[in-house]
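The values are calculated or read from the model by the stated rules, or taken from the named source; none is laboratory data. What you see is a predicted model, and the numbers here were worked out from it, not measured in a lab. For neighbour counting, all protein chains shown are included, and Cβ atoms are generated from backbone atoms with ideal geometry for every residue, glycine included. These accessible areas exclude ligands, DNA and RNA; they are computed on the full protein's heavy atoms, side chains included. Shrake-Rupley method; radii C 1.70, N 1.55, O 1.52, S 1.80 Å.
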Amino acid sequence: MTVTSTDAQRRLHVEYAEALEADAETSGEQCNDLVEAADYWHFAGEHEREERALLAAAEVDDDNNVLNGAAAYAKFLLTHGRRAEAEERFAQLLREGSNCEWAYATASIAYQLVDAPQEALRWLNVGVNRFIPSLDVELEKGDAGSELLRQRSLLRRELGLPKDGFDDLLDRLTDHGRQIGEQIREIRRHDETERLAVLYWPPEEFAELQRGRPTWYPGTTHLEHRREVQRALRQHPAPAVVIGSIGALVDFAASRGIPPGERSAREEFAAETARRGLASAWPPGRNDACWCGSDRKYKKCCGAPGFA
């Protein structure tokens, strides 16, 4: 039987969904994992499994997560023609409020998908007012409310509405972000020769290390390794990620006459690999693929708030 690219892609989505549901049992991020699993069930066309994951996410949601299970399930109901059920859940969410910015963005997206832009804008207005109580607030890109502010401005523009104070606040935030971005680029230009290189082992290589060289990272899971790498990357203004290869490290250590198991060997290997231009600059964009190779967006993977 011929396996098409569509079949292969569907199987991959199912594999990711099942892995996330398994992780949800032990990760401590059950709601987030279940909402992400539902996305993959959706891509696989498994809408019953999608609903099951979202209902479970809504039930465990304690409003202290990056993603919001209650809003995600209500969005599913609304976009699957079950408007009465959806609006009952959205009404409850509106009454209780949420500490999760993503909840308001999700509600807005849901109503945009069913061609109800005014209701979508209402949710963005509620969210912006919850997280940005004053137009004089000192706001940075990535702060709670900044993404809602951006989405609100885009939707208002689509609806032909004139700019207001919150739109002006977004303009100031955008200008400030450009200035910060230029400062960062300038730092990187001057610091290129001193770029910190952090060694990251992808899952297959890390598993092989744990089997054959367990003393290198004793008692460390791959998830913990990813978190350690993310923390190390965040501690330097212009770091780079070096993807580890056991064979390449062993050859490098032999050429330098040092045992490959020593920490210094790994550090020198990472630095030399970066000097040769074989490393990736960090961080990726929030919507770009994560540096760890998971194929998930950085903001939903190693760049998710609280991950490291």
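Quick notes on this one:
- Of the residues making up the stretch 42-67, just one is at pLDDT below 95, open to solvent by less than 30 Å² (accessible area, probe 1.4 Å) and not small (Gly, Ala, Ser), namely 67.
- Among the criteria (1) within 24 Å of residue 303 (Cα to Cα); (2) touching a helix residue (DSSP H, G or I) at 6+ places or on another chain (Cβ under 9 Å); (3) hydrophobic (A, V, I, L, M, F, W, C), the one residue 252 does not fulfil is (1).
- Annotation note: of 146, 98, the sole residue that is within 18 Å of the chain's Cα centre (by Cα), surrounded by fewer than 22 Cβ atoms within 10 Å (Cβ to Cβ) and polar (S, T, N, Q) is 146.
- Pairs where the first residue, in the stretch 277-297, is closer than 20 Å to residue 20 by Cα and the second is open to solvent by less than 60 Å² (accessible area, probe 1.4 Å) and of a type in the set (Val, Ile, Thr), C-beta under 6 Å, 6+ apart: 291/241
- Helices (runs of 4 or more DSSP H) wholly inside the stretch 194-264 that include at least 2 residues being touching a residue at least 60 places away in the same chain (Cβ under 8 Å): 222-234
- Number of residues in the stretch 149-169 that are outside any loop (DSSP other than H, G, I, E, B) and either open to solvent by 60 Å² or more (accessible area, probe 1.4 Å) or touching a residue at least 24 places away in the same chain (Cβ under 8 Å) (or both): the value is 13.
- Members of the stretch 232-275 that are among the acidic types (Asp, Glu) and open to solvent by less than 50 Å² (accessible area, probe 1.4 Å): 272
- Scan of the stretch 207-231 for residues that are more than 24 Å from the chain's Cα centre (by Cα) and open to solvent by less than 30 Å² (accessible area, probe 1.4 Å), ordered by number: 209, 216
- Residue within the stretch 8-31 that is over 20 Å from residue 123 (Cβ atoms), surrounded by 16 or more Cβ atoms within 10 Å (Cβ to Cβ) and β-branched (Val, Ile, Thr) present: yes
- Single unsatisfied condition, residue 45 versus (1) outside any loop (DSSP other than H, G, I, E, B); (2) over 23 Å from residue 304 (Cα atoms); (3) in contact (Cβ under 8 Å) with a residue 12 or more places away in the chain; (4) not acidic (Asp, Glu): (1)
- Checklist (1) modelled with pLDDT of 95 or more; (2) open to solvent by 50 Å² or more (accessible area, probe 1.4 Å); (3) on the phi < 0 side of the Ramachandran plot; (4) not hydroxyl-bearing (Ser, Thr, Tyr) applied to residue 81, failing item: (3)
- Residues located in the stretch 170-179, provided they are open to solvent by less than 70 Å² (accessible area, probe 1.4 Å) and out of contact with any Asp or Glu (no Cβ under 9 Å at 6 or more places or on another chain): 170, 171, 174
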